[in-house]
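Here the structure is laid out as structure tokens; the discussion comes afterwards.
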Amino acid sequence: MYINQITINHGQFPTKEAYPFSLAILQNTDALNLNRPVTIFTGENGTGKSTLLRAICLRCHIHIWEGVERTRAENNPFENRLQYALDIGWTDGPVNGSFFSPELFRNFSQLVDEWAVNSPGILEYYGGASLITQSHGQSTMAYFRSMYNRRGVFFMDEPEAALSPATQLDLLALITEQSRNGTAQFFISTHSPILMSCEQAEIFSFDGAAILPVNLKDTSHYKVYQKLFKNGFNDRNG
């Protein structure tokens, strides 16, 4: 493990009236003590999982490629300042890493395709085929296999978005293997119980008053799937 603690310094909040500093869950959490090489953030939409994930990544001085910047109708000057209220507890000094989110991946894939026009060999890095011509799930897994076979801290924001359940199992196997051999540490925001089942993972729930560790079977997502499989399918099939 490269990172063993994330501290939230409430005294560094520039305001408590604007997002994300207005989130009670951030105001009520002092620190996350990390005991496993895979840290999973789970909870309902809007609870702050992705926001904290991005802030930790930026505080680790890991670049988040944003693609084309566009004008927004409403601008929140505090939106990207959470990183400055965080302290990262490095075990033995900072390491490199990367950030993944599905909404940025399409733009990245198109950029790699443009590079390949003049440098065809670059596609070998992603399994030998254009990321554009593959299905979304195939190209995403090709990216994961090329990116996560090295030493580093890797941040993933809802990586399951384009993946079938079977492909999520492939990603689960990759994360488990790389975290087990000591080369990679992962921070993952997800709604997928499949990814939450990683034996190397500690799950933090964002569904309460503070960010707290939770068992897989006590997550709201697991309970929804459990109820669906127990009752919903039976009702539909008679």
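Of note:
- Sub-7 Å Cβ pairs linking a first residue in segment 6-30 that is without any contact (Cβ under 8 Å) to a residue 24 or more places away in the chain and surrounded by fewer than 14 Cβ atoms within 10 Å (Cβ to Cβ) to a second residue that is of a type in the set (S, T, N, Q) and assigned to a loop (DSSP other than H, G, I, E, B), at least 6 apart or interchain, are K16/S22, ordered by first then second residue.
Listed here are the residues, each with its yes/no results for (1) over 15 Å from the mean Cα position of the chain (by Cα); (2) in a helix (DSSP H, G or I); (3) more than 22 Å from K49 (Cα to Cα).
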residue: I194; (1), (2), (3): no, yes, no
residue: E199; (1), (2), (3): yes, no, no
residue: G208; (1), (2), (3): yes, no, no
residue: K230; (1), (2), (3): yes, yes, yes
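- Scan of segment 1-30 for residues that are within 20 Å of G93 (Cβ to Cβ) and assigned to a strand (DSSP E or B), ordered by number: I3, N4, Q5, I6, T7
We did not get these values from a lab; they are worked out from the coordinates using the rules stated. Computed from a predicted structure; not experimentally measured. We place every Cβ from the backbone using ideal geometry, glycine too, and count neighbours over all the protein chains shown.
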